[in-house]
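The values are calculated or read from the model by the stated rules, or taken from the named source; none is laboratory data. This is a predicted model, so every value here is computed, not measured. Cβ atoms come from the backbone with ideal geometry, glycine included; neighbour counts cover every protein chain shown.
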Amino acid sequence: MIYTLNIKCVGGAYLEEPFERTIEVSDEMTLGTLHDTIQELTGFDNDHLFTFFMARGPGGQRTSVVETGQWEEEQDRLYEMPLSEVFPLEQNMKLFYW
């Protein structure tokens, strides 16, 4: 299956102009590979921690994509999780990358 993802920067200290890209990816792509792709598309230098979460909006109540209780386990699982385990999201929810 192919997913069409709309990647949009909703704010940031160094955001100089609106950023939005649409990409098509396989459902086998992992969140780790999506992280790497977003880093490349934006020109970020991959020097910060990251996470993915689900919410209705960027400032809404967050739901973790992975429930483990420990940061390192969660990051390992997050990096290896295929998009097929994330999508489809619950109604009115979006996937956010922080």
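Worth a mention:
- Options Phe44, Phe19, Phe50; residue that is at pLDDT below 95 and surrounded by 15 or more Cβ atoms within 10 Å (Cβ to Cβ): Phe50
- If the condition is being touching a Leu at 6+ places or on another chain (Cβ under 6 Å) and surrounded by 15 or more Cβ atoms within 10 Å (Cβ to Cβ), then the stretch 26-38 contributes Met29, Leu31.
- Members of the stretch 1-45 found to be part of a loop (DSSP other than H, G, I, E, B) and under 15 Å from Met81 (Cα atoms), listed by number: Asp27, Glu28, Met29
- Number of the exception - Phe96 against (1) assigned to a loop (DSSP other than H, G, I, E, B); (2) touching a Phe, Trp or Tyr at 6+ places or on another chain (Cβ under 7 Å); (3) modelled with pLDDT of 90 or more: (1)
- The residues of the stretch 1-16 include none that are exposed (fewer than 10 other Cβ atoms within 10 Å of the Cβ), touching a residue at least 40 places away in the same chain (Cβ under 8 Å) and of a type in the set (Val, Ile, Thr).
- Residue within the stretch 62-76 that is at pLDDT 95 or above and either hydrophobic (A, V, I, L, M, F, W, C) or part of a loop (DSSP other than H, G, I, E, B) (or both) present: no
- The residues listed here are Glu24, Glu90, Glu28, Glu80; of these, the one that is touching a residue at least 12 places away in the same chain (Cβ under 8 Å) and in contact with a Pro (Cβ under 6 Å, 6 or more places away or on another chain) is Glu28.
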